[in-house]
Ligand SMILES: [Zn+2]
């Protein structure tokens, strides 16, 4: 049987296959969206459900995941990632 790695969403704490979540990585002091999930560094995972998009800022999920105060612009970066996708689909 194939083992499917599970990733926990930083917001809802539900578990997902890694293909279903967005990886956010801290590398050289910078927060990046890791599109291919192959970047070095400490990672956090976000499921991007509508509920979680609404709650992410309030939940301070990234702060918890990285054990530091994460700038709001990083949260926006993560949220924009999903907003942009939606726009593409509509256009
Ligand atoms: Zn979630």
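The values are calculated or read from the model by the stated rules, or taken from the named source; none is laboratory data. All values reported here derive from a predicted model rather than from experimental measurement. Counting neighbours? That spans all protein chains shown, and the Cβs are built from the backbone with ideal geometry, glycine included.
Is it fair to say residue 65 is surrounded by 14 or more Cβ atoms within 10 Å (Cβ to Cβ), part of a strand (DSSP E or B), modelled with pLDDT of 95 or more and more than 10 Å from the ligand (Cβ to nearest atom)?
no
I need a count of the residues in the range 30-58 that are outside any loop (DSSP other than H, G, I, E, B) and surrounded by fewer than 15 Cβ atoms within 10 Å (Cβ to Cβ).
7
Exactly one condition in (1) within 16 Å of the ligand (Cβ to nearest atom); (2) within 14 Å of the chain's Cα centre (by Cα); (3) free of Cβ contacts under 8 Å to residues at least 24 places away in the same chain is false for residue 58; which is it?
Looking at each condition in turn, residue 58 falls short on (2).
Can you find a residue that is exposed (fewer than 13 other Cβ atoms within 10 Å of the Cβ), farther than 23 Å from residue 71 by Cβ and more than 16 Å from the ligand (Cβ to nearest atom) anywhere in the range 14-29?
no
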